[in-house]
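Derivation of every value follows stated rules applied to the coordinates shown; laboratory data play no part. Nothing here was measured: the structure is a model prediction, and the numbers come from that model. Methodologically, a virtual Cβ is constructed for each residue, glycine included, from the backbone with ideal geometry; neighbour enumeration extends over all protein chains shown.
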Amino acid sequence: MKRVIEVFSEIFSSPILVRALVVGILVSLCAALLGVSLVLKRFSMIGDGLSHVGFGALAIAAVMNLAPMAVAIPVVLIAAFLLLRLSNNGKIKGDAAIAMISTGALGIGVMAVSMSKGANIDLNSYLFGSIMSVNSEDVVISVILAVIVLFMFVFFYTKIFAITFDESFAKATGTAANIYNMLIALLTAMTIVIGMRLMGSMLISSLIIFPALSSMRVFKSFKSVTICSGIISILTFLAGMVISYVAETPCGASIVCVNTLTFLIFFIVGKIRKTA
Amino acid sequence: MTVIENMSFEVADGDYLCIVGENGSGKSTLVKALLSLKKAEKGSIEFGEGLKKNEIGYLPQQTMAQKDFPASVYEVVLSGCLNSRGIRPFYSAKERKKALETMELLGITDLKNRSYRDLSGGQQQRVLLSRALCATKKLILLDEPVAGLDPIVTAELYDLIEKINKSGVTVIMVTHDLSAAVKCSRHILCMTENEWFFGSREEFLKSKFSDFMRGSEAGD
C-alpha cells in the first residue's frame, strides 16, 4: 500500500502523467457508460471498427503533416454514422461490413506510414498507445466529452434504458430512438479518438466492452450494471497505470490485462451466486 | 412491395380484434403501420377522438438481445410510462404508482426486483404486457404474444388479455393461433396472400376464410 501511495505521488509530480491520468479516467468513464448500451444492443463491434478507422485517419494526418485531431475526429464521426446505418440495415450484414471497414482502414494506415520514409512516426505507439502522446488539447476535449456523456446518462437515463432494452417499443411510444442512437454513436466515436492515443487503436475498444461485460456477470438491474461499469472502468484504469509505471509495461496493454482479470473474477462470482 | 391492397377495417372502443393470416401476408407490416414505425404506402390510419399516436401499448415479439438483458422487472415495467413524460428526466410518484398497479393486475408484484433475464418465458411476457399497460389506458397491440410458450402458460396469458379487455382496454392481437382467435376475439381480420376478410367472429366462422385458414393450419 505504501508503495502504491509512493507511485501516485511520483505520478502526480509529472505533468505528462497527470494529463494522461485525467484523460484516462474521463475516457474510461465515458467508454464504460456508452459501452453498456452498445454491448447490450449487440453493437460492440462498432467500437472496434471505429478505432481502426481512427488509426487510419491518424496515420494519414501524420504523413501529411496535418493536426491529428482535426483529421481523426471528423473521419471517425462520419464512420460512426455510416456503421450505424449499416448495422440498422438488415440487407447488409453488419458484422461483415464492420470487419471490412476496419481492416481496410488499418491497411490504408499502415501503407501510409510505411510509404512516408522521411516522417518520424512510431507505428507501435499508434497501435498500442503511449502515455507520452497525450497533450493538453486532449485534456480539454476529454473534459467536455465527459460532461456531455454524464449529462446524457443522468438526464436521459430513462430513455437510454428504453432504447437499449427495446427499440421498437420505445419508437412506438414516441421516443426518437434514432436521435439517441446517433448521439451514442457519435459520443463513442469521440471517446475512441481521444482514448486511442493513450490506449492504442488495437486496445481502445476493450474500454467499451470489458466493464459492461464484467458487471453484467454479477449485477441484475440496468442501473446497477451502468454504475458498476463506470466504477470498474476507472479502477481498472488506475490499477493498469500503476502496473505500467512500476513494471514499465505499455499502459494500454496493462489496463486490458487488469480488465481481463476483473472479468474472470466477476465471471466466477456470478457463477457462484447462481448456484448458491 | 405492396403487401395487400385496398384493405380497410375499423376497431371500436373496447373491442377485441384478432389479426390472423399466413406468413408473409403482411401482418407485421400492418402492425408497424399502426404504430407509425412504417408508413403505409397508400391510405391512412385514423385515430378516433382522444387516442394519440403514442398512446398505444405495444407488446412486440421478443428479440434475442432481450433474453439475457440485465434489467429488473420494475425498470422494464416503468419504461412503459416514458411516452407520457416528454423530456422530463425522472419518473414521478404517479408513474411509479401506475407501474406497481399494472404489476399487481398481472400478478407479477412479487417479481419486482427480480432480473428480467432470470424469468421464464411466460413471466417475461407478463412483464412486457405490464409495460404495455403503463403506456396506455385505451389500446394495446399484441404481436404474437404466446409464441414459444407452453399450453398452460398460453392459456393463462389469454385469460389475462381477456381480463385486460374487460377492464375497458381495446385489444388488437396478431396471432397464428386461429382457435384462440376464434375463442377470444369479437372481430377478426384475416389476411391471406391476396384476399382479406374483416368482420365479427360469427361472420368469420361462416365465411370461406374460416375453412381456408383451418385447412392451412392443419397442413402446418
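Projection of the Cα convex hull of chain B, averaged over all directions and equal to a quarter of that hull's surface, yields 12.9 nm². Note on B:SER207 and B:LYS67: the model spin-label points, each 7 Å out from Cα along the C-beta direction, lie 3.6 nm apart. Within the straight-line cut-off of under 14 Å between alpha carbons, the aspartates and glutamates reachable from A:LYS271 are B:ASP118, sequence neighbours fewer than 8 places apart in one chain being disregarded.
Relative to the current alpha-carbon distance between A:VAL143 and A:ALA96, full extension at 0.36 nm per residue lengthens the span by 13.5 nm. Counting Cβ atoms of other protein chains within 10 Å of each residue's Cβ and taking the mean over peptide B:60-73 gives 5.
Calculated [222 nm] ellipticity per residue, helices only, for chain A: -28000 deg cm²/dmol; basis is -39500 (n - 2.57) per DSSP H run with n ≥ 4, divided by all residues, nearest 500. Compared with the dominant principal axis of the Cα atoms in chain B, helix B:208-218 is inclined by about 70°. Gain on full extension, evaluated as 0.36 nm per residue between A:PHE12 and A:SER136 minus their Cα-Cα distance, stands at 43.1 nm. What residues from the stretch B:71-85 fall in the zone where the backbone N is under 11 Å from a label point 7 Å along the Cα-to-C-beta line of B:SER92? Taking a point 7 Å out along Cα→Cβ of B:SER92, the residues of the stretch B:71-85 whose backbone N falls under 11 Å are B:84-85. By DSSP, what percent of the beta bridges with both residues in the protein assembly as shown are antiparallel, rounded to the nearest 5? Bridges in the protein assembly as shown are about 25 percent antiparallel. Over all other residues within a Cβ to Cβ distance under 12 Å of B:LEU157, the charged ones net out to -4, with Lys and Arg as +1 and Asp and Glu as -1. Helix B:151-166 axis versus longest C-alpha principal axis of chain B: approximately 90°, rounded to the nearest ten. Modelled this way, with points 7 Å down the Cα-to-C-beta line, the labels at A:SER116 and B:SER167 are 6.5 nm from one another. When Rg and the Kirkwood radius Rh are both evaluated on Cα atoms of the stretch B:100-175, their ratio Rg/Rh stands at 0.93. Checking the cross-link filter: which aspartates and glutamates have an alpha carbon closer than 14 Å to that of B:LYS27, excluding same-chain neighbours under 8 positions apart? Output for B:LYS27: B:GLU5, B:ASP143, B:GLU144, B:ASP177, B:GLU193, B:GLU195. Beyond a 30 Å Cα-Cα separation, which of these cross-linked pairs lie in this structure: B:LYS98/B:LYS166; B:LYS112/B:LYS163; A:LYS41/B:LYS39; A:LYS223/B:LYS183? The answer is A:LYS223/B:LYS183. Its residues counted as N, chain A yields a C-alpha radius of gyration over 2.2 N^0.38 Å of 1.00. Residues in the stretch A:203-211 carry Karplus couplings, in order, of 10, 4, 5, 4, 5, 7, 8, 4, x Hz; the curve used is 6.51 cos²θ - 1.76 cosθ + 1.60 with θ = phi - 60°, and Gly or Pro positions show x.
Which whole-number percent of Cα pairs in the protein assembly as shown have a distance greater than 30 Å? Cα-Cα pairs in the protein assembly as shown separated by more than 30 Å: 54 percent.
Post the alpha-carbon centroid distance, the stretch B:145-216 to the stretch A:171-221, in whole angstrom. Taking the Cα centre of each part, the stretch B:145-216 and the stretch A:171-221 sit 42 Å apart. Taking the Cα centre of the protein assembly as shown as origin and assigning +1 to Lys and Arg Cβ atoms and -1 to Asp and Glu Cβ atoms, the resulting dipole is close to 1000 debye.
Note that the stretch B:60-66 has calculated 3J(HN,Hα) couplings of x, 6, 6, 9, 4, 4, 6 Hz, one per residue in order, obtained from phi through the Karplus relation 6.51 cos²θ - 1.76 cosθ + 1.60 (θ = phi - 60°); glycine and proline are x. Treating each Cα of the stretch B:64-137 as an identical point scatterer and summing with the Debye formula, the log10 of I(q)/I(0) at q = 0.20, 0.21, 0.24, 0.26 Å⁻¹ comes to -0.78, -0.85, -1.06, -1.20.
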